[in-house]
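Below: the structure, in C-alpha coordinates.
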Amino acid sequence: MLQSKTIEMNGIGRVLLERSKRARRLNISLKPFTGVRVAVLYGLSFESAEKMAFSKATWIKRHLDKVKETEKRQAAISNDLPEIDRAEARKKLTHRLNELSTRYGFTYNRVFIRNQKTRWGSCSAKNNISLNMKLLRLPQELIDYVILHELVHTREKNHSKVFWAELNKFVGDARALKSRLKEYSL
(Lines give C-alpha, C1' and ligand atoms only; values in the text may rest on other atoms or scores of the structure.)
Protein backbone atom coordinates (compact mmCIF):
# COMPACT_ATOMS: atom_id res chain seq x y z
CA MET A 1 0.00 0.00 0.00
CA LEU A 2 1.30 3.45 -0.96
CA GLN A 3 2.35 5.38 2.17
CA SER A 4 2.63 8.89 0.73
CA LYS A 5 1.90 10.97 -2.30
CA THR A 6 2.91 14.51 -3.25
CA ILE A 7 0.60 16.88 -5.10
CA GLU A 8 1.07 20.41 -6.41
CA MET A 9 -1.51 23.06 -5.57
CA ASN A 10 -1.62 26.44 -7.32
CA GLY A 11 -0.55 29.25 -5.03
CA ILE A 12 0.50 26.77 -2.36
CA GLY A 13 3.11 24.52 -3.89
CA ARG A 14 3.98 21.01 -2.78
CA VAL A 15 1.54 19.23 -0.44
CA LEU A 16 2.45 15.90 1.12
CA LEU A 17 -0.35 13.38 1.58
CA GLU A 18 0.90 10.83 4.10
CA ARG A 19 -0.71 7.82 5.73
CA SER A 20 -0.72 7.98 9.51
CA LYS A 21 -1.47 5.27 12.05
CA ARG A 22 -2.05 7.97 14.67
CA ALA A 23 -4.55 10.05 12.68
CA ARG A 24 -8.13 9.89 13.88
CA ARG A 25 -9.38 12.11 11.05
CA LEU A 26 -8.05 13.91 8.00
CA ASN A 27 -5.70 16.53 9.33
CA ILE A 28 -3.84 19.38 7.61
CA SER A 29 -0.70 20.70 9.26
CA LEU A 30 1.65 23.48 8.20
CA LYS A 31 5.12 23.65 9.69
CA PRO A 32 8.00 26.01 9.04
CA PHE A 33 10.65 24.55 6.72
CA THR A 34 8.52 21.42 6.27
CA GLY A 35 5.49 22.69 4.39
CA VAL A 36 1.95 21.41 4.10
CA ARG A 37 1.10 17.86 5.17
CA VAL A 38 -2.22 16.04 5.11
CA ALA A 39 -2.43 13.09 7.51
CA VAL A 40 -4.45 10.37 5.81
CA LEU A 41 -6.21 7.66 7.79
CA TYR A 42 -5.67 4.07 6.75
CA GLY A 43 -8.65 2.92 4.72
CA LEU A 44 -9.16 6.35 3.17
CA SER A 45 -8.09 6.99 -0.41
CA PHE A 46 -5.53 9.59 -1.39
CA GLU A 47 -8.15 10.96 -3.80
CA SER A 48 -10.43 11.80 -0.85
CA ALA A 49 -7.55 13.46 0.96
CA GLU A 50 -6.64 15.41 -2.17
CA LYS A 51 -10.24 16.67 -2.55
CA MET A 52 -10.23 17.80 1.06
CA ALA A 53 -6.91 19.62 0.59
CA PHE A 54 -8.25 21.46 -2.47
CA SER A 55 -11.45 22.36 -0.60
CA LYS A 56 -9.30 23.94 2.15
CA ALA A 57 -7.00 25.83 -0.25
CA THR A 58 -8.09 29.27 1.03
CA TRP A 59 -7.43 28.25 4.64
CA ILE A 60 -4.06 26.76 3.70
CA LYS A 61 -3.00 29.93 1.82
CA ARG A 62 -3.98 32.15 4.76
CA HIS A 63 -1.99 30.06 7.22
CA LEU A 64 0.89 29.49 4.82
CA ASP A 65 1.56 33.25 4.86
CA LYS A 66 2.00 33.06 8.64
CA VAL A 67 4.32 30.05 8.29
CA LYS A 68 6.45 31.92 5.72
CA GLU A 69 6.82 34.84 8.16
CA THR A 70 7.85 32.42 10.92
CA GLU A 71 10.42 30.87 8.57
CA LYS A 72 11.92 34.30 7.84
CA ARG A 73 12.11 35.18 11.55
CA GLN A 74 13.63 31.83 12.47
CA ALA A 75 16.17 32.00 9.65
CA ALA A 76 17.25 35.47 10.82
CA ILE A 77 17.50 34.33 14.44
CA SER A 78 19.38 31.11 13.64
CA ASN A 79 21.95 33.04 11.60
CA ASP A 80 22.72 35.15 14.68
CA LEU A 81 22.99 32.22 17.10
CA PRO A 82 26.32 30.60 17.85
CA GLU A 83 26.76 26.87 17.39
CA ILE A 84 26.17 24.73 20.47
CA ASP A 85 28.87 22.23 21.32
CA ARG A 86 27.19 18.86 21.96
CA ALA A 87 29.78 17.84 24.58
CA GLU A 88 29.27 21.11 26.45
CA ALA A 89 25.49 20.68 26.26
CA ARG A 90 25.77 17.11 27.58
CA LYS A 91 27.91 18.24 30.49
CA LYS A 92 25.76 21.22 31.52
CA LEU A 93 22.34 19.63 31.01
CA THR A 94 23.28 16.32 32.64
CA HIS A 95 24.73 18.20 35.61
CA ARG A 96 21.55 20.25 36.03
CA LEU A 97 19.36 17.15 35.59
CA ASN A 98 21.31 15.40 38.35
CA GLU A 99 21.07 18.45 40.64
CA LEU A 100 17.30 18.73 40.26
CA SER A 101 16.62 15.00 40.47
CA THR A 102 18.67 14.75 43.68
CA ARG A 103 17.11 17.86 45.22
CA TYR A 104 13.54 16.71 44.59
CA GLY A 105 13.96 12.94 44.95
CA PHE A 106 13.43 11.87 41.34
CA THR A 107 15.06 8.88 39.68
CA TYR A 108 15.49 8.29 35.98
CA ASN A 109 17.15 5.59 33.91
CA ARG A 110 19.33 7.16 31.21
CA VAL A 111 19.77 10.62 29.72
CA PHE A 112 20.19 11.48 26.06
CA ILE A 113 21.19 14.89 24.73
CA ARG A 114 19.90 15.38 21.20
CA ASN A 115 19.65 18.08 18.58
CA GLN A 116 15.89 17.87 18.02
CA LYS A 117 13.69 20.00 15.82
CA THR A 118 10.32 19.62 17.52
CA ARG A 119 10.80 18.87 21.23
CA TRP A 120 12.60 20.47 24.13
CA GLY A 121 12.54 17.18 26.01
CA SER A 122 10.81 13.85 26.49
CA CYS A 123 10.56 10.98 28.96
CA SER A 124 10.11 7.40 27.77
CA ALA A 125 8.09 4.65 29.40
CA LYS A 126 11.40 3.29 30.73
CA ASN A 127 12.17 6.68 32.36
CA ASN A 128 14.86 7.57 29.85
CA ILE A 129 15.03 11.34 29.55
CA SER A 130 15.93 13.10 26.30
CA LEU A 131 16.88 16.77 26.42
CA ASN A 132 17.38 19.07 23.47
CA MET A 133 20.83 20.63 23.37
CA LYS A 134 19.17 23.89 22.26
CA LEU A 135 17.92 24.26 25.84
CA LEU A 136 21.22 26.06 26.47
CA ARG A 137 19.81 29.03 24.53
CA LEU A 138 16.97 29.47 27.04
CA PRO A 139 16.91 31.35 30.35
CA GLN A 140 17.81 29.13 33.32
CA GLU A 141 14.25 29.22 34.66
CA LEU A 142 12.94 27.64 31.44
CA ILE A 143 15.74 25.07 31.31
CA ASP A 144 14.75 24.02 34.83
CA TYR A 145 11.08 23.97 33.81
CA VAL A 146 11.76 21.55 30.92
CA ILE A 147 13.97 19.30 33.04
CA LEU A 148 11.47 19.19 35.91
CA HIS A 149 8.64 18.61 33.41
CA GLU A 150 10.41 15.48 32.21
CA LEU A 151 11.31 14.37 35.74
CA VAL A 152 7.65 14.61 36.79
CA HIS A 153 6.87 12.33 33.82
CA THR A 154 8.94 9.64 35.55
CA ARG A 155 6.08 9.51 38.08
CA GLU A 156 3.08 10.67 36.05
CA LYS A 157 3.14 9.52 32.40
CA ASN A 158 0.50 11.91 31.06
CA HIS A 159 -0.55 15.56 31.19
CA SER A 160 -3.43 15.08 33.61
CA LYS A 161 -4.44 17.49 36.38
CA VAL A 162 -2.35 15.34 38.73
CA PHE A 163 0.70 15.89 36.51
CA TRP A 164 0.28 19.70 36.44
CA ALA A 165 -0.36 19.84 40.20
CA GLU A 166 2.82 17.83 40.82
CA LEU A 167 4.86 20.02 38.46
CA ASN A 168 3.51 23.18 40.15
CA LYS A 169 5.04 21.99 43.42
CA PHE A 170 8.48 22.39 41.87
CA VAL A 171 8.16 25.31 39.44
CA GLY A 172 5.30 27.44 40.76
CA ASP A 173 3.04 28.35 37.85
CA ALA A 174 3.83 25.64 35.28
CA ARG A 175 1.24 26.87 32.77
CA ALA A 176 2.83 30.34 32.72
CA LEU A 177 6.25 28.82 32.12
CA LYS A 178 4.82 26.65 29.36
CA SER A 179 3.47 29.81 27.70
CA ARG A 180 6.83 31.56 28.04
CA LEU A 181 8.56 28.55 26.48
CA LYS A 182 6.37 28.94 23.38
CA GLU A 183 8.01 32.34 22.76
CA TYR A 184 11.23 30.50 21.93
CA SER A 185 11.66 28.63 18.69
CA LEU A 186 13.44 25.35 18.16
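The values are calculated or read from the model by the stated rules, or taken from the named source; none is laboratory data. A quick note: this is a predicted structure, and the numbers were derived from the prediction, not measured. Quick reminder, even Gly has a Cβ in these numbers, built from the backbone with ideal geometry, and neighbours come from all protein chains shown.
Evaluate the stretch 135-156: report whether one residue or more is within 30 Å of Phe33 (Cβ to Cβ) and either without any contact (Cβ under 8 Å) to a residue 12 or more places away in the chain or more than 21 Å from the chain's Cα centre (by Cα) (or both).
yes
Which count do you get for residues in the stretch 55-83 that are part of a helix (DSSP H, G or I), at pLDDT 70 or above and under 22 Å from the mean Cα position of the chain (by Cα)?
The qualifying residues number 12.
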